[in-house]
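Participant: Before I ask anything, here is the structure I am working with.
The values are calculated or read from the model by the stated rules, or taken from the named source; none is laboratory data. Since this is a predicted model, take the numbers as computed values, not measurements. Quick reminder, even Gly has a Cβ in these numbers, built from the backbone with ideal geometry, and neighbours come from all protein chains shown. Surface areas here come from the heavy atoms of the whole protein model, side chains and all, with no ligands, DNA or RNA. Shrake-Rupley method; radii C 1.70, N 1.55, O 1.52, S 1.80 Å.
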Amino acid sequence: CMAPGGLLLANMMAEQLSVGPGERVLDLGCGRGRSSVFLASRYGVEVVSLDLWVSAAERRQSALLASVGGRITPLQGDIARGLPAGLGDFDAIFCMQSFHCFGSKASVVRYLASLLRPEGRICIAQGCFREEPDPLPALFQETDGWRAEYEKYHSPRWWGNQFQTAGPFDVEVAREVPDGD
């Protein structure tokens, strides 16, 4: 995986989403696609696997090696630029440890809502602050040249409000993962 959380976090998210066989799931910002393979193999869902930085070919190979190639459609692209026409109609959107890269824009949250079927669900898991920092602590301002974008990390309350105000979502849960430190 490219970010912390791994399969433990993926499993918690899938259970929160209540995904099941035959459902269509968008795995957004999926990195190397291990979460896509996990969702397809463990829950029997059809997955559209989207990432900007890791090639669709690499993720396709991983899906084939895990014997779930027929259930995963890997795409390379930026959700802020949209999906190819006709790829909406998802039962769920799953986004683990990448939402800060694009999701703080209200327009992206509204676009994600347009990709869901009626009664569709979205679950994000994202590194966050307990409370909104104001200002951002010095520790998170200097990262020795690596652009961590900590200013895009927010509190669970902030993310819940982002979904509530930017899109037609009923936010059911916006909290820290128990023992998530």
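Participant: Do any residues in the range 161-181 that are farther than 21 Å from Lys105 by Cβ have Cβ atoms under 8 Å from those of residues that are at pLDDT below 75 and open to solvent by 60 Å² or more (accessible area, probe 1.4 Å), where the two are at least six apart or on different chains, and which pairs are they?
Facilitator: Glu176/Arg130
Participant: Name the residues in the range 2-53 that are on the phi > 0 side of the Ramachandran plot and out of contact with any Ser or Thr (no Cβ under 6 Å at 6 or more places or on another chain), would you?
Facilitator: First, pick out the residues of the range 2-53 that are on the phi > 0 side of the Ramachandran plot: 5-6, 18, 22, 29, 31, 33, 44.
Once the filter is applied, which keeps residues that are on the phi > 0 side of the Ramachandran plot and out of contact with any Ser or Thr (no Cβ under 6 Å at 6 or more places or on another chain), the range 2-53 yields Gly5, Gly6, Ser18, Gly22, Gly31, Gly44.
Participant: Oh, and also: Could you list, in sequence order, all residues of the range 31-61 that are hydroxyl-bearing (Ser, Thr, Tyr) and open to solvent by 20 Å² or more (accessible area, probe 1.4 Å)?
Facilitator: If we filter the range 31-61 for residues that are hydroxyl-bearing (Ser, Thr, Tyr), which is where we start, we get 35-36, 41, 43, 49, 55.
Those that are hydroxyl-bearing (Ser, Thr, Tyr) and open to solvent by 20 Å² or more (accessible area, probe 1.4 Å): Ser41, Tyr43, Ser55.
Participant: Restricting the range 78-89 to residues that are at pLDDT 90 or above and open to solvent by 20 Å² or more (accessible area, probe 1.4 Å), which is nearest to Arg175 (Cα to Cα)? Let's see the steps before the verdict.
Facilitator: Of the range 78-89, the ones at pLDDT 90 or above are 78-84, 89.
Filter once more, keeping what is open to solvent by 20 Å² or more (accessible area, probe 1.4 Å): 78, 80-84, 89.
Values: Asp78: 27, Ala80: 25, Arg81: 29, Gly82: 28, Leu83: 29, Pro84: 33, Asp89: 27 Å.
The extreme case among them is Ala80.
Participant: Filter the range 137-181 down to the residues that are open to solvent by 50 Å² or more (accessible area, probe 1.4 Å), at pLDDT 75 or above and in a helix (DSSP H, G or I), then identify the one that is nearest to Glu23 (Cα to Cα).
Facilitator: Selected residue: Gln164.
Participant: Moving on. With within 14 Å of the chain's Cα centre (by Cα) and open to solvent by 60 Å² or more (accessible area, probe 1.4 Å) as the only criterion, which of Leu64, Leu28, Leu7 stands out? I'd like the intermediate steps shown before the answer.
Facilitator: Working: Leu64 fails: within 14 Å of the chain's Cα centre (by Cα); Leu28 fails: open to solvent by 60 Å² or more (accessible area, probe 1.4 Å).
Just a single option satisfies the conditions, and that option is Leu7.
Participant: Further question on the same structure: Collect the residues in the range 120-133 that are of a type outside the set (Lys, Arg) and in contact (Cβ under 8 Å) with a residue 24 or more places away in the chain, keeping them in residue-number order. Before you say what the answer is, go through the steps one by one.
Facilitator: So in the range 120-133, the residues of a type outside the set (Lys, Arg) come out as 120, 122-129, 131-133.
Passing the criteria: Gly120, Ile122, Cys123, Ile124, Ala125, Gln126, Gly127, Cys128, Phe129, Glu131, Glu132.
Participant: Among (1) aliphatic (A, V, I, L, M); (2) closer than 21 Å to Leu7 by Cα; (3) in contact with a Gly (Cβ under 6 Å, 6 or more places away or on another chain), there is one condition Ile72 misses while meeting the rest; what is its number?
Facilitator: Condition not satisfied by Ile72: (3).
Participant: Related question: Exactly one condition in (1) modelled with pLDDT under 95; (2) within 16 Å of Arg117 (Cβ to Cβ) is false for Trp53; which is it?
Facilitator: It is condition (2) that Trp53 fails.
Participant: Restricting to the range 90-113, name every residue that is at pLDDT below 90 and part of a helix (DSSP H, G or I).
Facilitator: First, pick out the residues of the range 90-113 that are at pLDDT below 90: 97-106.
Answer for the range 90-113, where residues must be at pLDDT below 90 and part of a helix (DSSP H, G or I): Phe99, His100, Cys101, Ala106.
Participant: Would you be able to say whether some residue in the range 97-119 is touching a Leu at 6+ places or on another chain (Cβ under 6 Å) and either of a type in the set (S, T, N, Q) or surrounded by fewer than 21 Cβ atoms within 10 Å (Cβ to Cβ) (or both)? Step through it out loud before you land on a result.
Facilitator: The initial filter retains those residues of the range 97-119 that are touching a Leu at 6+ places or on another chain (Cβ under 6 Å), namely none.
No.
Participant: Shifting gears a bit: Examine the range 127-136 for a residue that is of a type in the set (A, V, I, L, M, F, W, C), within 29 Å of Val37 (Cα to Cα) and either crowded, with 19+ Cβ neighbours inside 10 Å or at pLDDT 90 or above (or both), and state whether such a residue exists.
Facilitator: Yes.
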